[in-house]
Amino acid sequence: RERAVVVGGGPVGLAAALVLARRGYDVSLCEATPAEEIKTFNPALAYLYNINARGQVFTHMFPSIHEKLLARSVASSDTGYMLAPADPRREITFPNMGSGVGGTEESYWIPRHTMTALLWEAVDEHNGARTPHSGKIDYEQGAACVGVAPNKNGDTSISVTIRDIVSGKEKTVGGTLVVGADGINSKVRQCLHDKAGRFDTWDYPAKKFRVRSWVSPATGLRLKALQVPADRYTIRDADESAAAAQNTNFIVVRSKGTGPRDTLSLGSLPVRASVAVRPANCITRPNHVLWTLKTGPQVKQWFQDNFPRVEFDGLIADEEWERFARAPGLAFPPCQYCPGLQASSPEGACGVVLVGDAAHSFSPDIGQGINAGLLDVVQLQEKLEGAAGPAADGATLGTALREYERVRAPETRALIRIARFGGPYQYNQPLYKDRLGKKLWTANVVLRLLLHKVTLGLFPKQMIFMVNKKELSYRQIARRADLGTAGLLAVCALAIFKLLLRLN
């Protein structure tokens, strides 16, 4: 039985392991996160995934996974919106969200750790009920990848060196296929770029694994989450009544501060009614005063002064204020992608492929991170199946990986363009450049929506309104947006030309 190694045990790496094992590979999966942490709630990673129609292409391949997704998430059709203005004399509002950016297809909000645990359960279920035609998934948690290189006979297998993060002991696992699902700072991608070990005997340009990166208006924003007891989270309304922050609603509470260093919105995404702790996200520029507060009492006082609608006394324990003060938080990454997605041996008998954040990463503005990663896995599965099918005509693993790269690389480039321009101003940052940028971006969105309506749909909407339409590829979305831009520029050029003629 052929062997594969998957580096990275996040949702995309787990999805890849499940697909490969179902195809008959015996899979070795390594994940750096320790076993006791991997399925539990981590306040430092307290964000949610929105699994839309693209990501559901994968979940539908595994009915039990899709059923658990529905049971443990909040459907977009069940969500509402609650907006609490900064002034406590103003009433809390519940704006109608409509179909909005998400479109009409159902999507599902699920916490990161819940989605990860769900997929780990699927791995255990697969191992317990596998057929003679499917492979086994062996996994090691708390084991970081420190190197990838072809074996002595570099045309037949590849070795992955992993190190126990506690003991420091190293071991080697190998196979004919290595899947790099190890995130934005991928070690697998680095080894391909450096042509480490015997990769120098493989015929591929190392520069195709050099990451291309762009800064978007959301790049560098910092995120820290305050953990709020879900069953006691209430917000004072104008009449002094306590309005419950429903778990299935989007919650936004504005702060009193209006300056560039003290404006903040507490934002919470939808979670299941049974969830005990709910993250209230704080997203700011790095120069915000929040990052200068180093003790729990300082943080508590600042929140009490700036969010008078929320009764923090009795709601947030002193231990949580202290944890929040000490937490380093997260920074939104640049929009980046790797032009190369695979490399294979000269005869095509073994190879390495990149999926998920190892191939493309960006800030969460457009909600496509996990969905694009799961689509990578679906596409890889399809190309492997095509290489083994009756029409393959002697196709090798290398043939399948090159076909995967041919199809996914243009999609990855288009995805990063959408991430750069789709919706980077949604975080309402107070700096002048952010406010001006949002006004210009909003004007562009409104203009395109008006033209779309006036032309009866001939003129395309802004990219963010098309991104969740599964029937459109990322390339098609970017192409439509480009055609719309070209049309606007042509009209402007014609108008200027006619004006110059009149002046002459």
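The values are calculated or read from the model by the stated rules, or taken from the named source; none is laboratory data. Quick caveat: nothing in here was measured; it's all calculated off a predicted structure. Backbone-built Cβ (ideal geometry, glycine too); neighbour counts: all protein chains shown. Surface accessibility is based on the protein's heavy atoms, side chains included, excluding ligands, DNA and RNA. Shrake-Rupley method; radii C 1.70, N 1.55, O 1.52, S 1.80 Å.
Tabulated data
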quantity	calculated
Count - residues of the stretch 54-84 that are assigned to a loop (DSSP other than H, G, I, E, B), farther than 19 Å from Val378 by Cβ and open to solvent by 20 Å² or more (accessible area, probe 1.4 Å)	1
The stretch 161-185 residues that are in contact (Cβ under 8 Å) with a residue 12 or more places away in the chain and under 25 Å from Val211 (Cα atoms), paired with ones that are open to solvent by 80 Å² or more (accessible area, probe 1.4 Å) and of a type in the set (Ser, Thr, Tyr) (beta carbon under 7 Å, 6 or more apart)	Thr161/Thr172
Cross-chain or 6+ apart pairs with Cβ under 8 Å, the stretch 15-41 first and closer than 18 Å to Glu121 by Cβ and at pLDDT below 95, then among the hydrophobic types (A, V, I, L, M, F, W, C) and surrounded by 24 or more Cβ atoms within 10 Å (Cβ to Cβ)	Glu31/Ala143
Count of residues meeting criterion [assigned to a loop (DSSP other than H, G, I, E, B), open to solvent by 90 Å² or more (accessible area, probe 1.4 Å) and modelled with pLDDT of 95 or more] in the stretch 202-214	1
Matching entry among Phe465, Phe459 (being in contact (Cβ under 8 Å) with a residue 24 or more places away in the chain, over 30 Å from Gly259 (Cβ atoms) and in contact with a His (Cβ under 6 Å, 6 or more places away or on another chain))	Phe459
Answer residue from the stretch 96-128, given it is assigned to a helix (DSSP H, G or I) and at pLDDT below 85 and is surrounded by the fewest Cβ atoms within 10 Å (Cβ to Cβ) among those	Gly100
Among the residues listed as Arg420, Arg406, Arg435, the single one being open to solvent by 10 Å² or more (accessible area, probe 1.4 Å), in contact (Cβ under 8 Å) with a residue 40 or more places away in the chain and of a type in the set (D, E, K, R)	Arg420
Test: residue in the stretch 53-66 that is within 19 Å of Arg278 (Cβ to Cβ) and modelled with pLDDT of 90 or more	no
Cβ-Cβ under 6 Å pairs, at least 6 apart or on other chains, the stretch 245-258 side under 17 Å from Ser73 (Cα atoms), far side open to solvent by 70 Å² or more (accessible area, probe 1.4 Å)	Asn247/Ala273; Thr248/Asp78
Arg278, sole failed condition from (1) open to solvent by 20 Å² or more (accessible area, probe 1.4 Å); (2) touching a Ser or Thr at 6+ places or on another chain (Cβ under 7 Å); (3) not acidic (Asp, Glu)	(1)
Which numbered condition Thr172 fails, given (1) over 24 Å from Gly348 (Cα atoms); (2) exposed (fewer than 14 other Cβ atoms within 10 Å of the Cβ); (3) polar (S, T, N, Q)	(1)
Criterion: of a type outside the set (D, E, K, R), without any contact (Cβ under 8 Å) to a residue 40 or more places away in the chain and farther than 20 Å from Pro217 by Cβ - qualifying residue of Val454, Val445	Val454
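Rundown of residues vs (1) modelled with pLDDT of 95 or more; (2) within 30 Å of Thr284 (Cα to Cα); (3) open to solvent by 50 Å² or more (accessible area, probe 1.4 Å); (4) assigned to a strand (DSSP E or B), yes/no style:
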residue	(1), (2), (3), (4)
Gly154	no, no, no, no
Gly168	no, no, no, no
Val178	yes, no, no, yes
Gln190	yes, no, yes, no
Asp200	no, no, yes, no
Lys224	no, yes, no, yes
Glu240	no, yes, yes, no
